[in-house]
1. When you check B:Lys3 against the structure, is it open to solvent by 70 Å² or more (accessible area, probe 1.4 Å), without any contact (Cβ under 8 Å) to a residue 24 or more places away in the chain and among the basic types (Lys, Arg), yes or no?
2. For A:Phe68, are the conditions met, namely being assigned to a strand (DSSP E or B) and under 29 Å from B:Lys3 (Cα atoms)?
3. Identify, from the list B:Glu30, B:Glu72, B:Glu62, the residue that is in contact (Cβ under 8 Å) with a residue 12 or more places away in the chain, over 10 Å from the mean Cα position of the chain (by Cα) and more than 20 Å from A:Gly96 (Cβ to Cβ).
4. Would you confirm whether any residue within the stretch A:99-107 is outside any loop (DSSP other than H, G, I, E, B), buried (at least 20 other Cβ atoms within 10 Å of the Cβ) and more than 10 Å from chain B (Cβ to nearest Cβ)?
5. Looking only at the stretch B:18-53, which residues are over 16 Å from B:Tyr103 (Cα atoms) and surrounded by fewer than 19 Cβ atoms within 10 Å (Cβ to Cβ)?
6. So, in the stretch B:69-96, of the ones that are more than 7 Å from chain A (Cβ to nearest Cβ) and in a loop (DSSP other than H, G, I, E, B), which residue ends up least open to solvent (accessible area, probe 1.4 Å)?
7. Going by what's in this entry, would A:Arg95 be described as open to solvent by 50 Å² or more (accessible area, probe 1.4 Å) and in contact (Cβ under 8 Å) with a residue 12 or more places away in the chain?
8. Can A:Gly43 be described as of a type in the set (Gly, Ala, Ser), under 28 Å from B:Met88 (Cα atoms) and not in a loop (DSSP other than H, G, I, E, B)?
Amino acid sequence: AQKITQTQPGMFVQEKEAVTLDCTYDTSDPSYGLFWYKQPSSGEMIFLIYQGSYDQQNATEGRYSLNFQKARKSANLVISASQLGDSAMYFCAMRGDNTDKLIFGTGTRLQVFP
Amino acid sequence: DVKVTQSSRYLVKRTGEKVFLECVQDMDHENMFWYRQDPGLGLRLIYFSYDVKMKEKGDIPEGYSVSREKKERFSLILESASTNQTSMYLCASSLAGERYEQYFGPGTRLTVT
C-alpha cells in the first residue's frame, strides 16, 4: 500500500533562515509523482511544487525546492529565506502509477518568527 | 483565474439529516475530488470522479455518496448525517494526467449536532 509520512508535527524557523520539511513515502509503483501544498490559516490549499519520479533534476519554484532522494524514498521541501507569510500547514502528497488520486501526509505546521 | 467554489463555508446540521455539499469548477477539468480533513489525519479521499457520471471510491466512502451530472459540478451527499461526520470538507479538481496539480476550493466546515 502507498503511504506518505511526515514526522514533524511542528517546526519553528526564524525569518530569513532556510527550513527543511521532511517527507518520506512508500510505494511499489515504478512511476509516481510527489506534490507539496501549503494551507494557511484561512484554509485554502495552495499548490507549491511537483516532482516526477523520473525527473532528472530536483524541482524548484522560486524559494521552494524539493530535495528528492529516490533511493531513500524522501521528498523534502526546502524553503529558503523564510518569510512571516510562510507560517502555515504544509502537506506532502503522492500520486501513484496510473491514477490521478493523491495520498496526503498528516502535515507539518511551520511557524516563522521575527 | 482558476476557480473552485463550494456552496457553503460553514454548515450546521442535525443528526439524521440529509446533507448536500456542492462544488463547482470553471476550468473544464476532467477530475473532481472530495476530501475530508481532520486534525492529525491530513486529507483523506472520500470519492473521486474522472468524468461525468463516473466515480471511484476513495479511502473513506462509507456514509457518503456523490453525484456528477455535469462536468463542472460535483456533489457530496451525506444520506443520514452523523456526529462523526463533523469535519472540514474540501473539494478539488484537476486535469487528467500525472503531472497536473489539484486545485482546491475554500472548504466547508460541517458540524453535525
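The values are calculated or read from the model by the stated rules, or taken from the named source; none is laboratory data. As the structure is a prediction and not an experimental result, all values here were calculated from the model. Glycine also receives a Cβ, built like all others from the backbone with ideal geometry; neighbour counts cover every protein chain displayed. Side chains included, ligands, DNA and RNA excluded: accessible areas come from the protein's heavy atoms. Shrake-Rupley method; radii C 1.70, N 1.55, O 1.52, S 1.80 Å.
1. Judged against the criteria, B:Lys3 is not a match.
2. Details: assigned to a strand (DSSP E or B): yes; under 29 Å from B:Lys3 (Cα atoms): no.
No: the conditions fail for A:Phe68.
3. Matching residue, one of B:Glu30, B:Glu72, B:Glu62: B:Glu72.
4. Scanning the stretch A:99-107 turns up no residue that is outside any loop (DSSP other than H, G, I, E, B), buried (at least 20 other Cβ atoms within 10 Å of the Cβ) and more than 10 Å from chain B (Cβ to nearest Cβ).
5. B:Lys18, B:Phe20, B:Asp38, B:Pro39, B:Gly40, B:Leu41, B:Asp51, B:Val52, B:Lys53
6. Looking at residues that are more than 7 Å from chain A (Cβ to nearest Cβ) and in a loop (DSSP other than H, G, I, E, B), I get B:Ala81.
7. The answer is no for A:Arg95.
8. no
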